[in-house]
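What follows is a short report on a single structure.
Laboratory data are not the source of any read-out in this text; all were calculated from the coordinates shown. Here the structure is a predicted model, which means the values were calculated and not measured. All Cβ positions, glycine included, derive from the backbone under ideal geometry; neighbour counts span all protein chains shown.
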Amino acid sequence: MPDYMFLLESRLSPEQRAAMLRVQELASVLGFNVYLTGGTVRDLITGANLRDLDFTVEGNPSKMARELEKGGAKVLSEDEKFRNVELLFAGDVEGSISAARDEHYVRPGTRPELRWSTIMEDLRRRDFSLNAIAISLNPASRGLLLDPTNGLSDIEHGEVRALSIHSFTNQPVRLLRALRLAARMGFKLESRTQEWFNLAIERELQLTITPEDAGEEVRSLSREERPQLILKEWEESDLLERVHPILAKKHPGYDAINRLIKVRDDLYMAGFRPRLATPMLLAILSRLKDRELSHTLSKLGYRSAEIEAIEKFPEKALDIQKDLAGKKTKTPIEAYRYTEKIPMEYVAYLLAESSNSVALSKLKAFLHKWRPVRQALPIVATELEALGMPRGPKFDQIVQDVFAIQLNGRAKTPEERVKILRKLSGIKEPPKKKEKEKKPAKAEKHIETPAEKKAAAAEKHAVHERHKAGMKAAAAKHKSKK
Ligand code: ATP
Ligand code: MG
């Protein structure tokens with residue numbers, strides 16, 4: 001058995017690992033079995049980005065949510081009926097905890113009856129085999145892979161396989177999900193699944209997808225890496241019509257999506273991993289007029305506060321653009337300070353959509369010039385320390401001043417920086433052997449007289465004492481501040 005725990009730990013960010021340990025710990029205190037499930041395990045196995053952590057517990061997760069909240073996690077939503085909690089852990093880690101449940105359909109296509117269950121039953125009621133794999137986080141079996149429907153083999157074959165002949169009848173939204181997963185992963189539908197899919201379309205089951213279910217798919221779509229591939233699949237199978245007729249008629253904003261993806265790739269290169277759900281949704285729906293946009297979103301079950309936030313997004317971006325083009329951000333350091341506070345989704349949106357060259361050049365300078373300089377600032381601090389300056393508020397101020405000077409294109413070389421650092425800190429160059437006086441005596445070696453030797457020693461001692469006194473005074477200042 002491959003060591004899934006090792007794989008997991010090596011793929012999680014430190015923040016994700018901390019969140020996982022906390023959930024594990026809480027489950028153990030409460031006496032619940034806990035598993036990593038769904039998309040997390042699938043993405044782990046396929047090597048895709050682990051963007052969120054889906055946990056399933058054999059028990060009620062609401063108690064865990066309360067404890068996690070005490071530790072600073074944010075509960076984004078809680079569904080008491082399905083016992084499902086969506087969370088934002090410390091460090092911006094997205095995740096969910098759900099109670100293991102079984103679903104029993106009295107008749108295909110009707111609402112299922114719910115029953116709290118074991119993890120195995122929970123995995124079997126899921127939509128596709130590649131989503132029905134779990135990793136145990138329990139002390140006695142940590143790292144054990146649970147794969148009751150052979151999803152691992154389907155992943156190896158690059159296939160999306162539905163778990164029952166009634167899969168699409170029971171939940172027609174799985175038609176959208178099947179294509180979304182296949183397009184996202186570059187997989188195809190397994191042959192029998194394809195037959196069931198075709199049969200469902202023939203029987204027009206897509207007409208029974210509820211707008212709310214379609215809305216959930218649109219939410220997921222806007223978080224996808226390459227939503228254009230999925231939209232094309234939905235369009236080809238005439239499923240986009242079910243998401244919304246206006247969107248089907250006017251078509252998704254493929255150009256806007258591609259622009260945003262290009263920007264996102266640039267941001268990745270610059271070390272940012274922004275969440276772009278809102279700008280991506282706006283790009284997808286960019287061909288809709290304002291009123292069509294709010295109408296579509298409300299039909300898809302978006303709450304009015306969400307719709308308002310989405311509609312206001314471009315206006316807010318425009319305000320930012322104005323600031324970037326205005327007096328407020330005239331000098332590079334002013335522009336830097338302003339830009340570092342802009343949420344990245346606005347930066348991405350403006351880079352993709354703005355045609356204001358002043359604002360754009362500042363955003364680009366921030367990403368590609370100023371931030372690398374900022375990241376190298378510890379070097380300046382080390383240089384200043386080497387000159388003998390004790391750390392403290394004055395020290396920090398000098399480093400910041402050098403940063404501002406560097407943004408203006410100066411202080412690039414170590415030599416230039418040391419000069420500037422000396423000037424700002426008032427630390428004089430140690431009186432070197434007097435080069436100029438020596439020069440005339442180039443031909444014959446100067447022999448120091450005893451008096452000269454004495455004077456040089458005295459000077460050296462004085463410098464040393466001055467330095468010691470300076471350090472003492474700084475240390476005393478530092479102590480009194482504490
Ligand atoms: P993503 O990376 O988009 O979050 P995901 O697979 O985690 O992908 P979610 O919508 O978060 O997708 O769902 C979590 C899990 O719940 C899925 O992996 C799947 O096992 C199960 N699931 C979601 N929707 C359905 C459904 N309609 N029918 C059955 N199982 C579902
Ligand atoms: Mg998920």
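Of 287, 273, how do they rank once you tally other Cβ atoms within 10 Å and put the fewest first?
Least crowded to most crowded, the residues run 273, 287.
Between their Cα atoms, which of 341/419; 262/369; 322/362 are more than 22 Å away from each other?
Pairs exceeding the cut-off: 341/419.
I'd like the trypsin sites (Lys or Arg not before Pro) in region 314-375 restricted to DSSP loop residues with at most 12 other Cβ atoms within 10 Å, sorted by number.
Values: sites: 316, 322, 327, 328, 330, 337, 341, 362, 364, 369, 374; in loops: 330, 341.
Passing sites in region 314-375 are 330, 341.
Which percent, nearest 5, of DSSP beta bridges in the chain are antiparallel? Let's see the in-between values first.
On the way: 23 of 31 bridges.
Counting DSSP beta bridges with both partners in the chain, the antiparallel share is about 75 percent.
Give, as ranges by residue number, the residues of region 1-37 whose backbone N falls under 16 Å from the point 7 Å along Cα→Cβ of residue 225.
11-13
Can you tell me the length gained on complete extension of the stretch residue 337 to residue 316, counting 0.36 nm per residue apart and subtracting the Cα distance?
Value of the extension gain: 5.7 nm.
Which of the three applies to region 24-157, rounded, prolate or oblate, going by the alpha-carbon gyration tensor with a ≥ b ≥ c and a/c under 1.5 meaning rounded?
Since a/c reaches 1.5 but b/c is at least a/b, the shape of region 24-157 is classed as oblate.
Let's see if you can work this out: charge +1 on each Lys and Arg Cβ, -1 on each Asp and Glu Cβ, no other charges. What is the dipole magnitude of the chain about its Cα centre, in debye to the nearest 20?
For this selection, approximately 3840 debye.
Trypsin sites (Lys or Arg not before Pro) within region 145-226: which are DSSP loop residues with at most 16 other Cβ atoms inside 10 Å?
Of the trypsin sites (Lys or Arg not before Pro), the ones in loops of region 145-226 whose Cβ has at most 16 other Cβ atoms within 10 Å are 203, 223.
Among 376, 304, 199, which residue has its Cα furthest toward the positive end of the charge dipole of the chain, with +1 on Lys/Arg Cβ and -1 on Asp/Glu Cβ?
So the residue furthest toward the plus end is 376.
How high is the FRET efficiency from residue 375 to residue 21, r the C-beta distance, R0 30 Å, rounded to 0.05?
Efficiency computed from Cβ-Cβ geometry: 0.55.
Return the aspartates and glutamates within reach of residue 250: Cα separation strictly under 20 angstrom, same-chain partners fewer than 8 residues apart disregarded; answer none if there are no such residues.
The qualifying aspartates and glutamates are 217, 233, 235, 236, 238, 241, 290, 292, 311, 353.
I'd like the distance between the alpha-carbon centres of region 136-171 and region 282-304, rounded to an integer number of Å.
Taking the Cα centre of each part, region 136-171 and region 282-304 sit 35 Å apart.
For region 376-425, what relative contact order do you get, as a whole percent, if you take Cα pairs closer than 8 Å and at least 6 residues apart?
This gives 41 percent for region 376-425.
Enumerate the aspartates and glutamates that residue 330 could reach by cross-link, defined here as Cα to Cα under 19 Å, with residues fewer than 8 away along the same chain left out.
Straight-line reach from residue 330, under 19 Å: 319, 340, 401.
Viscosity 0.890 mPa s, temperature 25 °C: what is the translational diffusion coefficient of the chain from Stokes-Einstein with a Kirkwood Rh over Cα pairs, rounded to a whole number of µm²/s?
Estimated diffusion coefficient is 90 µm²/s.
Only helical DSSP H runs with n ≥ 4 go in: add -39500 (n - 2.57) per run for the chain, normalise by residue count and round the 222 nm mean residue ellipticity to 500 deg cm²/dmol.
Mean residue ellipticity at 222 nm (helix-derived): -17500 deg cm²/dmol.
Is region 107-191 rounded, prolate or oblate when judged by the Cα gyration tensor, a ≥ b ≥ c being the square roots of its eigenvalues, rounded requiring a/c under 1.5 and prolate requiring a/b larger than b/c?
oblate
Taking the number of other C-beta atoms within 10 Å as the exposure measure, put 268, 336, 35, 105 in order starting with the fewest.
Ranking 268, 336, 35, 105 by Cβ neighbours within 10 Å, fewest first, gives 268, 105, 336, 35.
If you take the Cα Rg of region 230-320 and divide it by 2.2 N^0.38 Å, with N the number of residues, what do you get?
Values: Rg = 14.1 Å, N = 91, 2.2 N^0.38 = 12.2 Å.
With N residues counted in region 230-320, Rg over 2.2 N^0.38 Å equals 1.15.
Checking the cross-link filter: which aspartates and glutamates have an alpha carbon closer than 16 Å to that of residue 81, excluding same-chain neighbours under 8 positions apart?
Residue 81 reaches 58, 102, 103, 113, 122.
Counting other beta carbons within 10 Å of each Cβ, put 102, 127 in order, fewest first.
So the ranking, lowest neighbour count to highest, is 102, 127.
If contacts are Cα pairs under 8 angstrom and at least 6 residues apart, what is the relative contact order of the chain in percent?
Here the relative contact order equals 8 percent.
How large is the dipole of region 264-408 about the Cα centre if only Lys and Arg carry +1 and Asp and Glu carry -1, each at its Cβ, rounded to the nearest 20 debye?
140 debye
Using 0.36 nm per residue, how much length does the chain from residue 277 to residue 153 gain when fully extended, once their Cα-Cα distance is taken away?
Fully extending the segment from residue 277 to residue 153 adds 41.5 nm.
With a cap of 14 neighbouring Cβ atoms within 10 Å, and only residues DSSP puts in a loop, list the trypsin sites (Lys or Arg not before Pro) found in region 1-86. Don't skip to the answer; put the middle values down first.
Numbers: sites: 11, 17, 22, 42, 51, 63, 66, 70, 74, 81, 83; in loops: 51, 81, 83.
Passing sites in region 1-86 are 81.
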